[in-house]
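**Student:** Before we start, here is the structure in question, set down as C-alpha cells.
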Amino acid sequence: MPTDWNDVYRRSWTDVVRFLYRKVWDAERARDLAQDAFVKCLDRDPENPRALLFTVAANLAKDEARTVIRRRRHLTLMQGGAAETDPAPDPAHEFEEREQVMAVQNALAQLSHRDREVLLLWDAGLNYQEIAAQTGLSAGAIGTTLARARKRLVEAHAALEGRRHAAH
C-alpha cells in the first residue's frame with residue numbers, strides 16, 4: 001500500500017516544524033525547510049514515512065547550518081573583518097524572549113550531539129521507536145538516554161543562568 005503523504009503531512013507538520021525550529025531558530029525558515037522535507041519524500045514509499053521525514057529534515061537543517069556559516073564568513077570578509085551586529089530589540093518583552101531562547105540554545109549547545117538530537121526528536125513528537133530509527137540507538141535505550149539528556153539540559157541551563165546572574 002503506497003504511503004498516504006496527505007495523512008503523514010496532517011499528523012507530522014507541526015512536529016517537523018518544531019523540530020526544525022529548534023535546529024535553525026527561525027520560524028519562517030523552519031516552515032520552509034519542513035516544506036522542502038515533505039517535497040523530497042513525496043516520491044518515496046518507505047516502511048516508516050515519519051522516520052524518513054525526520055531524517056530528511058535533519059539533513060536539510062545541517063545543510064542550512066553550513067550555508068549560514070558560509071554566508072556569515074563571506075559577509076564578514078566583505079565588511080573588512082567587522083563583526084555583524086544586530087540592533088537590540090526595543091520592547092522589554094522581546095528582549096526577555098530572546099534571552100530565554102538564547103539560554104535554551106546555550107544549554108542545548110552544552111549537550112553532546114546524541115543528547116541534543118534525542119531531546120529534539122522527542123520534543124518534535126517522535127516515539128521511542130522512531131527516535132531509535134533516527135539515531136541508531138536501541139529502542140530500549142531511548143528512555144534512559146532521554147532521562148539523562150533532560151537532566152544534563154537542566155543542569156547546563158542552571159549553570160549558565162547561575163553564571164549570568166553572578167555577572168550582574
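The values are calculated or read from the model by the stated rules, or taken from the named source; none is laboratory data. Computed from a predicted structure; not experimentally measured. Every residue, glycine as well, gets a Cβ built from its backbone with ideal geometry; the counts of neighbours run over all protein chains shown.
**Student:** Being assigned to a helix (DSSP H, G or I), small (Gly, Ala, Ser) and surrounded by 15 or more Cβ atoms within 10 Å (Cβ to Cβ), is that true of even one residue in the range 17-29?
**Tutor:** Looking through the range 17-29, none of the residues is assigned to a helix (DSSP H, G or I), small (Gly, Ala, Ser) and surrounded by 15 or more Cβ atoms within 10 Å (Cβ to Cβ).
**Student:** Separate question: Consider only pairs whose beta carbons are under 8 Å apart and that are at least six residues apart or on different chains; among these, list those whose first residue lies in the range 94-106 and is free of Cβ contacts under 8 Å to residues at least 60 places away in the same chain and whose second residue is outside any helix (DSSP H, G or I).
**Tutor:** Listed pairs, sorted by first residue: Phe95/Ala88; Phe95/Pro89; Arg98/Pro89.
**Student:** What pairs can you find where one residue is in the range 154-168 and of a type in the set (A, V, I, L, M, F, W, C), the other is modelled with pLDDT of 75 or more, and their Cβ atoms are less than 7 Å apart, with a gap of 6+ or different chains?
**Tutor:** Ala156/Ala107; Ala156/Gln110; Ala156/Leu111; Leu160/Ala103; Leu160/Asn106; Leu160/Ala107
**Student:** Which of the residues that make up the range 1-16 are crowded, with 19+ Cβ neighbours inside 10 Å and not β-branched (Val, Ile, Thr)?
**Tutor:** Ser12, Asp15
**Student:** I'd like the residue in the range 145-168 that is loosely packed, with under 11 Cβ neighbours inside 10 Å and either part of a helix (DSSP H, G or I) or not assigned by TED's automatic domain parsing to the domain that holds Leu111 (or both) and, out of all such residues, is modelled with the highest pLDDT.
**Tutor:** Ala147
**Student:** Can I ask one more? Being among the small types (Gly, Ala, Ser) and either within 22 Å of Ile142 (Cβ to Cβ) or assigned to a helix (DSSP H, G or I) (or both) is the filter; apply it to the range 83-118 and report the residue that is modelled with the lowest pLDDT.
**Tutor:** That would be Ala92.
**Student:** Here is a further query. If you scan the range 103-132, which residues turn out to be buried (at least 16 other Cβ atoms within 10 Å of the Cβ), acidic (Asp, Glu) and in contact with a Lys or Arg (Cβ under 8 Å, 6 or more places away or on another chain)?
**Tutor:** Selection gives Asp115, Glu130.
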